[in-house]
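Chemist: Have a look at this one.
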Amino acid sequence: MNDNNILAVVLAGGKSKRFGQDKNCVKLGSKTLLEHVLFKISNKFEEILIVSSNPLKIEEAKNTTIIPDCFNDLGPLAGVLSSMKWIKENKKSYKWIATFPSDTPFFDPIIIEEYKARIEQSKSSLYFVKSNEKRHNIFGLWSIDLMEKLEEDLVINNYRKVEEWANKVGVSTIDIKIKNYDPFFNINTKEDLDVAQTILNLDKND
């Protein structure tokens, strides 16, 4: 399989209401939350797209592009649709997008290899990662063949929750085993950031 079939998409457009400020710019150790995610995927994909209507302060990279959501305040599904539209509008050859949330810094990049394996199997047009019986609806592999259906359901049928829409169209899961802590722990509050700092310190001591 040609690795260029997948566009990496970082969904960074949340309002961070529970956190009280833009989480993307918050430091965890020496990196911001967004930088942690970019560091893990930067060498795994030919190109990375960041979808955010918030102003982001990151170092320019030749393979990274920032675009706004195509629809404001419609949640993560709008970010997914925005990335698919970007592929079409820019005549890119990607057939799939792999989505990553910007507030989950500890995930194992091994899931990218799992994504590639699923594409070769061609058994589903949508995959989400699952760990400890919990499905992580933003860690996903999406066929861009879903674009027209997604836009229809988002704009006309008022679907907003990723989980509900995925259940409607059909989704397969990729099971990941957890070792010491949940690598899909996401940071929503200042208290979560404190927990993340503890996890980061444990990682350094291992």
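Here, each number is a calculation from the coordinates, and none is a lab measurement. Keep in mind that what you see is a predicted model, and the values were worked out from it rather than measured. With ideal geometry, Cβ positions are generated from the backbone for all residues, glycine too; neighbour counts draw on all protein chains shown.
Chemist: Can you tell me how much longer the chain between Lys91 and Lys161 gets when fully stretched, taken as 0.36 nm per residue apart minus their C-alpha distance, in nm with one decimal?
Modeler: 22.4 nm
Chemist: More than 22 angstrom separation, counting every C-alpha pair in the chain; what % is that?
Modeler: I get 47 percent for the Cα pairs in the chain exceeding 22 Å.
Chemist: Right, another one. Could you tell me the distance between the Cα centroids of the stretch 142-202 and the stretch 98-131, to the nearest Å?
Modeler: Using only Cα atoms, the two centres lie 10 Å from each other.
Chemist: Pop a pseudo-label 7 angstrom from the Cα along the beta-carbon direction at both Ser30 and Phe71 and give the gap in nm to one decimal.
Modeler: 4.2
Chemist: Counting other C-beta atoms within 10 Å, which of Cys70, Cys25 has the fewest, and how do the rest follow?
Modeler: Result, fewest neighbours first: Cys25, Cys70.
Chemist: Okay, moving on. Just grab the label-to-label distance for Ser42 and Asp192, each label 7 Å out from Cα along the Cβ direction, in nm (one decimal).
Modeler: Reported label-point gap for Ser42 and Asp192 is 2.4 nm.
Chemist: Can you give the helix-only mean residue ellipticity at 222 nm for the chain, where every DSSP H stretch with n ≥ 4 adds -39500 (n - 2.57) and the sum goes over all residues, rounded to the nearest 500 deg cm²/dmol?
Modeler: -10000 deg cm²/dmol
Chemist: Could you list Ser93, Ser143 in order of exposure, starting from the residue whose Cβ has the fewest other Cβ atoms within 10 Å?
Modeler: In increasing order of surrounding Cβ atoms, one gets Ser93, Ser143.
Chemist: Same structure again: With the cut-off at 24 Å, tell me which of the pairs Lys44/Lys168; Lys31/Lys130; Lys92/Lys161; Lys95/Lys149; Lys62/Lys95 have Cα atoms farther apart than that.
Modeler: Beyond 24 Å between Cα atoms: Lys44/Lys168; Lys31/Lys130; Lys92/Lys161.
Chemist: Using alpha-carbon pairs under 8 Å, 6+ residues apart, how would you state the relative contact order of the stretch 3-205 in percent?
Modeler: It comes to 25 percent, rounded to a whole number.
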